[in-house]
Each structure stands twice: as structure tokens, then as C-alpha cells.
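No value in this document is a laboratory result; all are computed from the given coordinates. None of these values were measured; they are calculated from a predicted model. When we count neighbours, we look across all protein chains shown, and the Cβ atoms used for this are built from the backbone with ideal geometry, even at glycine.
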Amino acid sequence: MDLTDLTIKQAHQGFKKKEFSARELALAYLKKIKQTDKDLNAYLSVAEESALSDAELADKKIASGNFSELTGIPCAIKDAILVEGQKCTAASKILKNYTAVYDATVTKKLKKEGSVILGKTNTDEFTMGASTENSAFGVVKNPHDKTRVAGGSSGGSAAAVAAKEACFSLGSDTGGSIRLPASFCGIVGLNPTYGSVSRYGLIAHASSLDQIGPMTKNVEDCKIVFNVIKGKDKKDATSVESEIQNSKFEIRNSRIGVPKEYFAEGLDKEVEKIIKNAIKKAEQAGAEIEEISLPNTKYCIACYYIIVPSEASSNLARFDGIKYGYSDQSQKTLMQVYYKSRGEGFGLEPKRRIMLGTHSLSFGYYDAYYKKAQEVRKLVKQDFTKAFEKIDLIFCPVAPFPAFKIGEKADNPLSMYLVDIYTCGVKLAGLPGLSLPAGNVGGLPVGLQIIGNHFEENKILAIAQELENVL
Ligand code: GLN
């Protein structure tokens, strides 16, 4: 048996029956990483020693009989989430030598359960991108076709799970960064409702949209991880204790909305077929299917790419060459240290966003850009609110196409931004969404996106679990 084939649940059963130890499971994953990651580049750092000491602790817990489903389970964490004592680079040169001095709340929660942290995964620089090509440390290859991207920005977290280099991982989603790579790599990825998971210890991209979420081999594992990481945290004022109702929810009692604006020009025909097939399967299982309209979809990309760079320009101001990371100390004046450190430390995409965002927020342009975008954001949110008055969930694609070729969009920021067309509206509205493997086009996975109302992850997960078996 290859231990890296096991899901969280199966590995947990294995521990219960004493079939193998946490150390053996950790070693199996570390070996897999050594064998395959040189090529994939999913990890930016592997913490072999501390993973083995986590496993030793887990074995003690298991021996005592007092252990949980995540005890001894090896995971990978996106390199934008802090793990005390380990490097956290956000895949940027500016943080190349930065070591985290505290744990993110989600890290703390995983440690409390006794999870084994294998290392930190590659991402687009400061989580800005849709292909992980914006990493300062090399692109992540898609395990299904190494000439293609793994998606982004949590491309490392997705590829690690898909290539069995981790049993599960954590990613973060600002405009699609969990769901898109999950779709491209054929795994399950959940972007939780804004506020349901603490952002404390997540390097900020756009604070009014960023959320951390699980990336797993199947839906059951996703539920397990989500239940551990969610909840109110006094260190993140936007976090709340979600009242997730555990009432039974089934496809046969569900009303599913299909947004007509999402099935328009630009959607790959094969992807469309796969999504329509998933919708048909839900209908056969008793769901009521209804066409809905999200009329402001056409403004989502423009709105997102004003608000997100605006917030990013402010968030990235803290990387000044003084407080954190890379600093060019050869300069004579403070101003020159700022210019040089930021100029050399940041890559192209963060620079682009700092400029766009600063412009949108500047006196004279604020009303025309930032304020206008906030008004449009309200309209996008209203579209979803209206839709959820008569439906439980929305079914749609995650992306218009399967994983694209490495380099195909790298030189054209606008075509890269358009990849987010089906995922960024959800974020503007603060809603939860999941990517569920639904089929493949010529060996490339395609995800179905299941969007729910605020804090209704339970409905999303219940339906996804039911559908998982028939897709
Ligand atoms: N592609 C989107 C962007 O670049 C989403 C990134 C994300 O969710 N972190 O902003």
C-alpha cells in the first residue's frame, strides 16, 4: 500500500487500527516530495526535521488514544500563511529571507490537532495571479500535464495534493486562488464565506476579500479541515462564529440556480459540456434547476481589479525595506532605501497593482475609480442576494477553460485577469464557493463551482459529497 494514496479519513482509520504510525506516514510523504517535487516546484521549503518531530508528537497522542481526525495527518501550507520558525516568502524576493515569528491562527489550530506540517507551498507573488507564474521562485507545473500551469495563486498547494506530496493543504482565495488551482489540478478546494476563517497571520493581499481555505483529495476531507480552521478569532475583527446548521440537506430537496451570464462566449465547449452534465446529474437526483440572472457579471473583473489593487497598494506599503525583508543598505538616504528596496524586491505584478491602486485611491481619481467600484460591488452583491431568495446553491464553471500552457498568458495581464471571470464576483459578495472535480478534457481536470449563500458551507459540502460519487 502507498500511504500517500490515503485520504485524511482513511489515514485516521489506519492510525486507529495501528496499521502504521504517523512517522511512517510523514516519511512516505517526504519521500514522495523528494521524488517528484524537483520537477513540479510545488514546495518553496520543506521542513523535514520539524515534520518528523510533529509526527513523533502525534504518535504519542495516538498511543494515548486521545486524538482527532487531523492528528498525524501531513499537510502543506501556502507560503503566505505564517508558521513560526519557518520561512514565509509570499514567493517574493522582498521576503526571501523572512522567517515567521509567530503562527497564523489556522496554523495554531492545525498544530493543536497534531497535524504534521511538511512545508510551505509556492504561490504567485503576494498571491497576485492565476497561474503561479508570478512566483519569484519559479512556476508550479500541473501534475496532469507538466507543460501547463497548476493555476494560481495557490498553485503549489493544489499541485502538492494532486501529486500526493501532501494529504491536504491550505490555500488562500482573494479572487479565485483556491478554486481555480483546485479545478486545474483535479482536487477539492473550498473558499469559505468571508469572515468564517481567521486571516490572522495571512500576508494580506486585499483584506476585504482574502480568505484561507482547505484544499483536499475529497469532500469529506474538506469538511474535516474546514471544521477545524473556522471560527471567531479575537485577533481578526472580521472573523465570526458561523452558525453552521447541521440540518440534513440533500440534492433531492435542493433548488439550484444556473446563471445565464456564465454560459456565454468564451466558455470552452468541452468545459460547458462537463458543467451541464453535472447539472443534469443533480437534476436526475431530484434537484430543481432554475435559470438565474446575475446581470452585473460583466462589471466584475473591472470592479475587482480596482478594489483589489487599491487594497493591495495600501497593504504592501509595510514592505519598505526597513521593517521587513529585503533592504538595500548601501543607499545614503532613507528615501533611497525605500526606492531601491521596493524597486528590487517587488516583482512586476505587485508593482503594477501598487501603481494601479495608488492611482485609483488618489485625490482626483478616487470618485471615478475606487468609489465607483465600491458602488458596483454593492450591485454585484445585490445580484447574488436576489438570486438566493429563490435558490439554495449556484452551479457554474470555475474557469472558462482547463489548465492553459505555461507562458500562454504570462505576458498579457488582461488575459490573465479574465481567468477570474467566474470566481471574483463570489468574492466581491463575500460568498463561499467550492471547486469539485467534475470531469476532464483530454486528461485535464475541470471543476464544477458550487456557490452558496453566506455561511451555508454545510449545504455546499453536503451536495458536493453527494455529487462526488456520480460525477
Ligand atoms: N487571480 C486573482 C488575482 O490575481 C486572484 C488571486 C487570489 O485569489 N489570490 O487577484
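May I ask you to derive the relative contact order of the stretch 1-69, considering only C-alpha pairs under 8 Å and at least 6 residues apart, and to give it as an integer percent?
41
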*Is the stretch 94-227 rounded, prolate or oblate when judged by the Cα gyration tensor, a ≥ b ≥ c being the square roots of its eigenvalues, rounded requiring a/c under 1.5 and prolate requiring a/b larger than b/c?*
rounded
_J(HN,Hα) series, the stretch 424-441, from Karplus relation 6.51 cos²θ - 1.76 cosθ + 1.60, nearest Hz, glycine and proline x_ = 7, x, 3, 6, 4, 8, x, 8, x, x, 10, 9, 10, x, 10, x, 8, 10
*Note down the relative contact order for the stretch 331-425 as a percent, whole number, built from C-alpha pairs under 8 angstrom at least six residues apart.*
17
*For every helix of n ≥ 4 consecutive DSSP H residues, a contribution of -39,500 (n - 2.57) applies; sum these over the chain, divide by its total residues, and give [θ] at 222 nm rounded to the nearest 500 deg cm²/dmol.*
-12000 deg cm²/dmol
*So how strong a dipole does the chain carry about its Cα centre when Lys and Arg Cβ are +1 and Asp and Glu Cβ are -1, to the nearest 20 debye?*
640
*Run the numbers on the stretch 109-209 and let me know its relative contact order in percent, using alpha-carbon pairs under 8 Å that are six or more apart.*
22
_Among the listed pairs 17/78; 111/234; 78/281; 38/78, which have their C-alpha atoms separated by more than 24 angstrom in this model?_
17/78; 78/281
*What's the exposure ranking of 416, 335, 215, going from fewest to most Cβ atoms within 10 Å?*
335, 416, 215
_Let me test this: with uniform point scatterers at the alpha carbons of the chain, what is the Debye-based log₁₀ I(q)/I(0) at q = 0.13 1/Å?_
-1.17
*Residue exposure sequence - 111, 405, 18 - by fewest surrounding Cβ within 10 Å*: 18, 405, 111
*Running Debye on the stretch 371-419 with equal point scatterers at the Cα sites and no solvent, what base-10 log of I(q)/I(0) appears at q = 0.21, 0.23 Å⁻¹?*
-0.88, -0.90
*Which residue, chosen from 460, 315, 401, occupies the Cα position most advanced towards the positive end of the dipole of the chain, where the dipole is computed from +1 (Lys, Arg) and -1 (Asp, Glu) charges on Cβ about the Cα centre?*
315
*Place +1 on the Cβ of every Lys and Arg and -1 on the Cβ of every Asp and Glu in the chain, take the dipole about the Cα centre, and give the residue among 8, 186, 284 whose Cα lies farthest towards its positive end.*
8
*Output the pairs from 146/230; 93/340; 87/109 with a Cα-Cα distance over 23 Å in this structure; if there are none, say none.*
146/230
*Which ordering of 178, 354, 33 is given by a fewest-first count of other beta-carbon atoms within 10 Å?*
354, 33, 178
